[in-house]
Amino acid sequence: MYDKYQSPLSERYASREMQYIFSPDKKFKTWRRLWIALAETEKELGLPITQDQIDELKAHAEDINYEVAKEREKLVRHDVMSHVFAYGQQCPGAKGIIHLGATSCYVGDNTDLIIMTEALRLVRKKLVNVMAKLAEFAENYKDQPTLAFTHFQPAQPTTVGKRATLWLQELCLDLEDLDHVLGSMKLLGSKGTTGTQASFLELFEGDHEKCRRADRMIAEKMGFSECYPVSGQTYSRKVDTRVVSVLAGIAQSAHKFSNDIRLLQHLKEVEEPFEKSQIGSSAMAYKRNPMRSERIASLANYVMSDVMNPMLVASTQWFERTLDDSANKRLSIPEGFLAVDGILDLYLNVVDGLVVYPKVIEKHFMAELPFMATENIMMDAVKAGGDRQELHERIRRLSMEAGRNVKEKGLENNLMELIAADSAFGLSMEELSECMEPSRYVGRAPRQVEEFLEEVVNPILEANQDVLGMKAEIHV
């Protein structure tokens, strides 16, 4: 166990459920399901295949004799034919009709498409659960005023909940992309060695319609509505690019969220969950590093860079088939999914345990609010008879003085006291305090949260009630 490389994606990050989808057992059992679907279809279309042969294949669909296949592959150096041989050993009566008319890509490519589709469904389930938790967080903090930042400089205030809707909206866009790709997934079907279905046309004695029906029937048996209408030996590798692009989109959104949480944790306004016995630093025992958010960012970088792999593969395929896609696909597709699976588990875990510190948020807010309140103060002074241009210049000078007190002397922001002491404004500290109510400066943020949740997010969550309620388990 400790004397060979093991992928951290399986050891540390990805769930067992996603790992099984890309496991050898899942792959080879799907091969057998495809061989059964092919045999059933050929029997139904008139080939001399018996029900006893079908039943024999079904009886051994799950109990794969792996050792036989492994030993055979050492001899013939061909994984598909090794498993055809092993299946035939268990099903002597059906041995002669296993893989009839098919090429290796019949099981290889169709299985890849089935597995990617199933993996996309798991990603979708986790994505929707993250969205539900973010929606709950946004609702809970829709009224909590906080400094907004542009260029990481204090800007016009927003609310904690409104900021969460920005994270949430990006996931809504990801869900749209995911649903589009998921809804467009098809099988390769039974296309033959160069995509012409020549072997099947021979089997069906020149009956083109039976060749077309075979594709549709196999797709239906495997849970798909249709097959790609044309292909070479393989399905277009552009499909892999579309799939991994969706994963990269989710990674982008998660990375943005993790960046914001890391910055907020630096400000001590919001923190990711920190367990009772967790160690933040080997040297500095007091530290609470945003390790989970950092891990999201790290995995997201990997997924975003991974999208180049299927692009390169798809762009360099020669004519009807080359095999230089094989090793790349074995790495880039499963690992892209395993990494996104880990990202979404972390995302869900972090959102579910976010800790908000309203007092710190308020302290930071109030330190900057006097500057942001100056326009309202100036308008109130004008209403009381002041000259707008004169007041603008006075408030500019007082703001500069207060800024120097904060930056150069390390003092509290005393702009309100300076304004109250200036008779040109004619405003008391009590009157100025009324201008300092935080909720006056967040605009429509609370209502925007309500409207976004009601009009956009809640319909999505209501349509997906059956998959909600997940709890993320993280390994490290």
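Here are the numbers for the structure shown:
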read-out	value
HN-Hα J in Hz across region 433-445 - Karplus 6.51, -1.76, 1.60, θ = phi - 60°, x for Gly and Pro	4, 5, 6, 9, 6, x, 5, 6, 10, 9, x, 8, 3
Dipole of region 327-447, positive direction: furthest Cα of M436, I361, L346, with charges on the beta-carbon	L346
Histogram of C-alpha separations across region 178-321, 10 Å bin width, %	10, 25, 21, 16, 12, 10, 4, 1
Chain lengthening between Q389 and H266 when straightened (0.36 nm per residue, less Cα-Cα)	40.3 nm
Spacing of the two label points (7 Å from each Cα toward its C-beta) at E294 and M379, in nm	4.5
The chain, dipole about Cα centre (Lys/Arg Cβ +1, Asp/Glu Cβ -1), debye to the nearest 20	1120
Per-residue HN-Hα couplings for region 232-247 [Karplus 6.51, -1.76, 1.60; θ = phi - 60°; Hz; x = Gly/Pro]	x, 5, 10, 5, 4, 5, 5, 4, 4, 4, 4, 5, 5, 5, 4, 4
Relative contact order computed over region 302-407 (Cα-Cα under 8 Å; 6+ residues apart), in percent	18
Relative contact order, percent, the chain [alpha-carbon distance under 8 Å, six or more residues apart]	19
Helix 291-306 axis, angle to the chain major axis (alpha carbon atoms, nearest 10°)	50
Extension gain, D422 back to E67 (0.36 nm per residue minus Cα-Cα distance, nm)	118.7 nm
Spin-label model distance (nm) - E450 vs S236, 7 Å beyond Cα toward Cβ	4.7
Using a Förster distance of 22 Å, the FRET efficiency for K74-Q6 (Cβ separation, nearest 0.05)	0.40
Within the chain, longest stretch clear of exposed GluC sites (Glu not before Pro) (DSSP loop, no more than 15 other Cβ within 10 Å)	63-204
Stretch gain in nm, segment N259-R404, where the contour uses 0.36 nm per residue and the Cα spacing is subtracted	49.1 nm
Nearest-20 debye value, region 374-435 charge dipole, Cβ charges on Lys, Arg, Asp, Glu	300
Region 95-197: translational diffusion in µm²/s, Stokes-Einstein, Kirkwood Rh over Cα pairs, 10 °C, 1.306 mPa s	91
Virtual spin-label span in nm between T316 and H208, 7 Å along Cα→Cβ	3.8
Fewest-first ranking of T316, T150, T241, using other Cβ atoms within 10 Å as the exposure measure	T150, T316, T241
Cross-link pairs K27/K126; K126/K268; K133/K359; K125/K329; K126/K363; K58/K133 - those with Cα-Cα distance over 32 Å	K126/K363; K58/K133
Stokes-Einstein D (µm²/s) once Rh is taken as the Kirkwood radius of region 374-435 over alpha-carbon pairs, at 37 °C in 0.692 mPa s	280
Convex hull per residue volume in Å³, alpha carbons only, for region 316-447	267
Cβ-derived FRET efficiency at R0 45 Å, E136 paired with F371, nearest 0.05	0.85
Base-10 log of normalised Debye intensity for the chain (one unit scatterer per alpha-carbon) at q = 0.10 Å⁻¹	-0.85
Sites excluded, trypsin sites (Lys or Arg not before Pro) in DSSP loops with at most 12 other C-beta within 10 Å, longest stretch of the chain	78-275
Mean separation of Cα contacts under 8 Å (6+ apart) over length of region 374-435, as relative contact order %	33
FRET efficiency for N301 and K26, using Cβ-Cβ distance with R0 set to 25 Å, rounded to 0.05	0.35
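Since every read-out is calculated from the coordinates, none of them should be taken as a lab result. All values reported here derive from a predicted model rather than from experimental measurement. Heads up, the Cβs are rebuilt from the backbone with ideal geometry, glycines too, and the neighbour counts pull from every protein chain shown.
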